[in-house]
Amino acid sequence: MELFDFVVVGGGIAGLSAVVRLAGAGRVLCVTKESFAESNTAYAQGGIAVAMGGSEDVSLHLADTIAAGDGLVNAAAAKVLVEQGPRRVEELLGWGTEFDRAVGGELLRTREGAHSLSRILHANGDATGREIARALLKYVQGLKNVELRDWTVTVDLMVEKGRVEGVVLLDKAGTLARVGARAVMIASGGAGQVYSDTTNPAVATGDGIAMAYRAGAAVEDMEFYQFHPTAFAMDGAPRFLMSEALRGEGAVLINAAGERFMPAIHPMAELAPRDVVARAITREGLNGPVYLDMRGVTEIDLKARFPGISAFLAGYGLSLAKDLIPVRPAAHYLMGGIKTDVWGKSSLQGLYAAGEAACTGVHGANRLASNSLLEGLVFGVLAAESMVKEQGSGGKVEAAGEVVKAGGSDEGVEEWIAELRAIMWENAGLLRDSAGLKRGQARLDGMFRRMPRGVTRRQLEARNLYALAGVMVESALGREESRGAHFRSDFPEKGPIARHSVMERGRLRFE
């Protein structure tokens, strides 16, 4: 059995930020199941929200974050996020991240939904995440004591007497191996693939959250899935993200009758919180297509400002400057995850989490636009600092038998996963009620006996998606109110007390 001081599962902004801090304190193994360039971080278009304008800006960023979270934000975590954010972004700049700048060198800022002012930094127009991932990876590759392994699937956590002692890995050759560690960090991102319509890449199957839950860790607020209001909605095309920054630069939403509808729904109109806009589009969509209209924005070069989006649309014969762009909501971001404190500590000794896989409560019931990259950056560092103080010895668990080859046929797995994703979209999507959630629960129960049992990457992903789907539906059934991204048509009002849902070892509680 190999031994490292620290294992980090995930190679996005949270994982790599942690690796930077861990490298000076011992041997670090960082694993990702595809290439290090493939993560939710790399797909983040709009930018990173950060208050670099002084104390007033920090206070406003905190107020905006709390307001968007609809009464459920952990104010202490949000305060840490906005106060430490500027320092962390300055580090990114020092590591070579090239954010967009004006001719005079000043960092360009834009505005997005529910922000009170322009504080979103962006890179290459609409490729912010990819630029941050590039710069971070390049910096990490130059560090000593760090081993990066791509195309390596983390199968499960090794637990001994309630303490996480390492991980079980499946390498690219199909071999299972055990790796011991003083502390393990889950930074494997979200679970958008649990839904049939998602802006997330194929890697976002919630593996880290599922394996932590199986190991006995508490997970929190799993019913709160943010549906991005504006994903591309053409038949046969992927649900490509139409960044919130488009609306920040002046795009409006119009219905099938050619009318704007958001001004009548919210004072911030198209820049209202995401849950408000997503539900409004869904309702308008019952009467025909909904479009993003940017034809009236003439003061900026749209192709230069949004090169990635423009290139994608050109492939379908569309232009931001000339055409109406069909949009509808799609699953985008999981506010819930492994329950942690601000230092990334989970309910299991030796296990830490940060980024979308974790839940500090910083987003509450609805994440403020462009706070996700900042979350990974800030809490990835804090988790790493906490791991360095970890007193565990690691490596106590003996390898159970020889290293073996994994395997099994993937026949029928894709169809099984597609069925699960359809069930979740139909029964536990943007608009929910008891009847639909119970119907979804029964359908999921009926899938259990057909669940893939082999040890291949895709079969492991199927089991992880199944575990999370069950937790999400159970949590949504238990929350008999509407709050943030969780909307129950049978309980349309907000409850009198804001409480977090916690699932642990098959039991749901609210606290």
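Here, each number is a calculation from the coordinates, and none is a lab measurement. Remember, it's a predicted structure, so these values are computed and weren't measured experimentally. So basically every Cβ, Gly included, is an ideal-geometry build from the backbone, and we count neighbours across all protein chains shown.
How high is the relative contact order of the chain, in percent, counting Cα pairs under 8 Å that sit 6 or more residues apart? Don't jump to the answer; show the numbers that get you there.
Details: 1223 pairs, mean separation 113.7, N = 511.
Normalised by residue count, the contact order of the chain is 22 percent.
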#### Entry: Once exposed loop trypsin sites (Lys or Arg not before Pro) are cut out (DSSP; at most 11 other Cβ, 10 Å), longest piece of the chain
162-321
### Task
Starting from the Cα of L324, step 7 Å toward the Cβ, then list every residue of segment 234-256 with an amide N under 15 Å from that point.
234, 252-256
## Note on the structure
Any lysines whose Cα falls less than 28 Å from that of K339, other than same-chain ones fewer than 8 residues away, would be K33, K79, K161, K389, K396, K438, K494
### Which label in [x] 47; [y] 59; [z] 35 gives the computed percent of Cα pairs over 33 Å apart
[z]
## Note on the structure
Here, L93 and A37, labelled 7 Å along Cα→Cβ, have an inter-label distance in nm of 2.8
### Query
In whole angstrom, how far apart do the alpha carbon centroids of segment 179-224 and segment 69-89 sit?
22
### Query
Expressed as a whole number of Å, what is the distance separating the alpha-carbon centroids of segment 234-312 and segment 431-457?
33
### Query
For the chain, what is the percent of antiparallel DSSP beta bridges, rounded to the nearest 5?
65
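Sequence gap at least 6, Cα distance under 8 Å: using those rules, report the relative contact order of segment 81-152 to the nearest whole percent.
Working: 56 pairs, mean separation 18.8, N = 72.
In percent, rounded to a whole number, it is 26.
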### Message
Give me the extension gain from A202 to T298: residue separation times 0.36 nm, minus the current Cα-Cα distance, reported in nm with one decimal.
### Response
31.0 nm
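Normalising by the residue count of segment 229-329, find the relative contact order in percent from Cα pairs under 8 Å and 6+ residues apart.
Dividing the mean separation by the residue count of segment 229-329 yields 36 percent.
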### Task
With a cut-off of at most 16 other beta carbons within 10 Å, and DSSP calling the residue loop, which GluC sites (Glu not before Pro) in segment 258-302 qualify? Please list them.
E259, E299
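Kindly provide the helix-only [θ] at 222 nm of the chain, computed as the sum of -39,500 (n - 2.57) over DSSP H runs of four or more divided by all residues, to the nearest 500 deg cm²/dmol? Provide the component values of the computation, followed by the final result.
Details: 14 runs with 167 residues, N = 511.
About -10000 deg cm²/dmol.
Suppose every Lys and Arg Cβ carries +1 and every Asp and Glu Cβ carries -1, with no other charges. What dipole size does segment 413-502 come out with about its Cα centre, to the nearest 20 debye? Provide the component values of the computation, followed by the final result.
Working: 16 positive and 12 negative charges, 57 e Å.
In total the dipole reaches around 280 debye.
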